[in-house]
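*Asks:* Let me begin by handing over the structure; questions about it come next.
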Amino acid sequence: MIYAANFKTNHTRESTKEYITDLQSKLGDKKPEDRVFVFPPLTALDSFEGDFTIGAQNAYPVENGAYTGEVGVEQLSEFNINTILIGHSERRDTIGESQEQVAKKFAFFKEQGFEIIYCIGESLEVREQGIEAVMEHLVSQFEGIDTTYDNFVVAYEPIWAIGTGRSATVAEIVETHNALKQIVDKPLLYGGSVKGANIAEISAISNVDGVLVGGASLKTETFLELVFH
Ligand code: PEP
């Protein structure tokens, strides 16, 4: 299983350091085949060492240059960061990244050999139209994406389940993940209100290869509850 913590715009440099120190001391007992990722805010990136991977929540698809306010590969390389989240619904919908921009970012970071956790997900409006509409929408989010890329993990995150406390049902996850695996045969994470109370049933689903976690990842106690469930 993969357990990925997305801090979003939470935690400071100091509190991230405390979090990682706590994680380092407790991950010794995790199953060797499990992988843990942490995506802190960009200002908290550092060269942390341990049985986990630190990634960037976002970056601009350049090495460096005149891109005021952005961070490129040069700034990530300082901390040996070569993992990135691309396509999160908050970047698509709140920040306004188009599929074209997302695909451009994907192509650039693929070229750099980054491990890419690529997020897709539908709105409640689309979900209410049924599985065919959901799949049509999800397939459209692979437009311009090389789904054969080796270093590629997909995260299915229904937007209506993110940060709402309402996870997708087991039946919805089973149906959607089975359909997605037919299209993209890559590790497939589920994201959307994953917490201690539902990790056992979600992780038991055969086509769930891991979870991407927002709210429940913010404290080591609640995140480790998932890793050690
Ligand atoms: C997320 O934003 O990736 C996420 C899954 O958030 P939460 O766990 O808070 O629903």
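Residue by residue, here is whether (1) of a type outside the set (Ser, Thr, Tyr); (2) modelled with pLDDT of 95 or more; (3) more than 30 Å from Leu224 (Cα to Cα); (4) away from the ligand (no atom under 16 Å from the Cβ) holds:
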site: Phe52; (1), (2), (3), (4): yes, yes, no, yes
site: Ala56; (1), (2), (3), (4): yes, yes, no, no
site: Gln75; (1), (2), (3), (4): yes, yes, no, yes
site: Asn80; (1), (2), (3), (4): yes, yes, no, yes
site: Thr83; (1), (2), (3), (4): no, yes, no, no
site: Glu90; (1), (2), (3), (4): yes, yes, no, no
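*Asks:* Considering every residue within the range 127-145, establish whether at least one is charged (D, E, K, R), under 21 Å from Tyr3 (Cβ atoms) and in contact with a helix residue (DSSP H, G or I) (Cβ under 7 Å, 6 or more places away or on another chain). Give the steps one after another, and end with the answer.
*Replies:* Just the residues of the range 127-145 that are charged (D, E, K, R), to begin with: 127-128, 132, 136, 143.
Adding the requirement that they be under 21 Å from Tyr3 (Cβ atoms) leaves none.
No, the range 127-145 contains no residue that is charged (D, E, K, R), under 21 Å from Tyr3 (Cβ atoms) and in contact with a helix residue (DSSP H, G or I) (Cβ under 7 Å, 6 or more places away or on another chain).
*Asks:* Out of (1) within 16 Å of the ligand (Cβ to nearest atom); (2) over 17 Å from the mean Cα position of the chain (by Cα), what's the single condition that is false for Glu132?
*Replies:* Of everything listed in (1) within 16 Å of the ligand (Cβ to nearest atom); (2) over 17 Å from the mean Cα position of the chain (by Cα), Glu132 misses just condition (1).
*Asks:* Now, a different point. Can you list residue pairs whose Cβ atoms sit under 7 Å apart, with the first residue in the range 139-160 being closer than 13 Å to Phe109 by Cα and the second being more than 16 Å from the ligand (Cβ to nearest atom) and outside any loop (DSSP other than H, G, I, E, B)? Count only pairs 6 or more apart in sequence or on different chains.
*Replies:* Ile145/Ala103; Ile145/Phe106; Asp146/Lys110; Tyr149/Lys110; Asn151/Glu115
*Asks:* While we're looking at this one, here's another question. Filtering the range 112-129 down to residues that are under 22 Å from Val38 (Cα atoms) and either within 16 Å of the ligand (Cβ to nearest atom) or basic (Lys, Arg) (or both), which residue is farthest from the chain's Cα centre (by Cα)?
*Replies:* Residues of the range 112-129 that are under 22 Å from Val38 (Cα atoms), as a first pass: 112-121.
From what is left, the residues that are either within 16 Å of the ligand (Cβ to nearest atom) or basic (Lys, Arg) (or both) are 116-121.
Values: Ile116: 9, Ile117: 5, Tyr118: 7, Cys119: 6, Ile120: 10, Gly121: 12 Å.
Top of the filtered list is Gly121.
*Asks:* Here's a follow-up. Grab the helices (runs of 4 or more DSSP H) fully contained in the range 140-229, keeping just those with 1 or more residues being within 15 Å of the ligand (Cβ to nearest atom) and in contact with a Gly (Cβ under 7 Å, 6 or more places away or on another chain). Working first, answer last.
*Replies:* Numbers: elements: 170-183, 199-203, 220-227.
Where helices (runs of 4 or more DSSP H) fall fully within the range 140-229 and carry at least 1 residues being within 15 Å of the ligand (Cβ to nearest atom) and in contact with a Gly (Cβ under 7 Å, 6 or more places away or on another chain), they are 220-227.
*Asks:* Let me ask something else. Tell me yes or no: at least one residue of the range 192-208 is among the aliphatic types (A, V, I, L, M), closer than 27 Å to Asp150 by Cβ and more than 17 Å from the chain's Cα centre (by Cα). Explain how you work it out, then say what you get.
*Replies:* Restricting attention to the range 192-208, the residues satisfying the condition of being among the aliphatic types (A, V, I, L, M) are 194, 197, 199-200, 202, 204-205, 208.
Next cut, closer than 27 Å to Asp150 by Cβ only: 194, 202, 205, 208.
Then keep just the ones that are more than 17 Å from the chain's Cα centre (by Cα); that gives 205.
Within the range 192-208, one or more residues are among the aliphatic types (A, V, I, L, M), closer than 27 Å to Asp150 by Cβ and more than 17 Å from the chain's Cα centre (by Cα).
The values are calculated or read from the model by the stated rules, or taken from the named source; none is laboratory data. What you are looking at is a predicted structure, and each value in this text was computed from that prediction instead of being measured. Cβ atoms come from the backbone with ideal geometry, glycine included; neighbour counts cover every protein chain shown.
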